[in-house]
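**Student:** Questions regarding the structure given below will be posed in turn.
The values are calculated or read from the model by the stated rules, or taken from the named source; none is laboratory data. Worth saying up front: this structure is predicted, and the values here are computed from it rather than measured. Every residue, glycine as well, gets a Cβ built from its backbone with ideal geometry; the counts of neighbours run over all protein chains shown.
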């Protein structure tokens, strides 16, 4: 019976500044399996609200490597890659469970936002759980794109209509 070698493990790569996506793309082209956790972020730019996808860990990505069969040398010279994270000149494997937990948590956030957006009906009472209006109750009016909703908030004896990210509210 041939000796069994250990399965591929996940390792951490430090990327050059603001080149996470480039490093991931170039490593993938070389047939390496990479994982770069991302999240959607909303920002105000010149008075306009824009949504962009950013790395959850800027400057880093995970790569799955086999210690015996994979050629590790091209990694260092790949565009966007700075270095493989090591400890005492030895690359340190990341626990598979950590990668699974990250993937599940990000998927649950996406599914939670989708589920929440499909179960809200106009007139439903919601509670704001983040930001300036935290812990205030409001009334759901409508959807404002895929990631935002419009709510009616009673504040200082006046009604105010606000557009807020869907992940900042919960149905009461």
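**Student:** Scan the stretch 97-109 and report the pairs whose first residue is closer than 23 Å to residue 170 by Cα and whose second residue is assigned to a helix (DSSP H, G or I) and modelled with pLDDT under 85, with Cβ atoms within less than 9 Å and a gap of 6+ or a chain change.
**Tutor:** Taking only residues 6 or more apart or on different chains, the pairs are 109/167.
**Student:** Considering the stretch 132-160 alone, what residues qualify as being more than 15 Å from residue 120 (Cβ to Cβ) and exposed (fewer than 12 other Cβ atoms within 10 Å of the Cβ)? Please lay out each step first, then the result.
**Tutor:** The first filter runs over the stretch 132-160 and keeps only residues more than 15 Å from residue 120 (Cβ to Cβ), leaving 132-136, 153-160.
Selection gives 132, 134, 135, 155, 156, 157, 158, 159.
**Student:** Quick check, is residue 102 touching a strand residue (DSSP E or B) at 6+ places or on another chain (Cβ under 9 Å) and assigned by TED's automatic domain parsing to the domain that holds residue 61? Even if it seems obvious, please write down each step before you answer.
**Tutor:** Working: touching a strand residue (DSSP E or B) at 6+ places or on another chain (Cβ under 9 Å): yes; assigned by TED's automatic domain parsing to the domain that holds residue 61: yes.
The answer is yes for residue 102.
**Student:** Given 88, 131, 123, 145, which one is more than 24 Å from the chain's Cα centre (by Cα), free of Cβ contacts under 8 Å to residues at least 40 places away in the same chain and farther than 20 Å from residue 11 by Cβ?
**Tutor:** Only one candidate qualifies: 123.
**Student:** Taking the stretch 57-87, which residues are modelled with pLDDT under 90 and loosely packed, with under 14 Cβ neighbours inside 10 Å?
**Tutor:** 68, 69, 71
**Student:** Report whether or not residue 97 is under 14 Å from the mean Cα position of the chain (by Cα) and within 30 Å of residue 166 (Cα to Cα).
**Tutor:** Considered against the rule, which asks whether it is under 14 Å from the mean Cα position of the chain (by Cα) and within 30 Å of residue 166 (Cα to Cα), residue 97 comes out as no.
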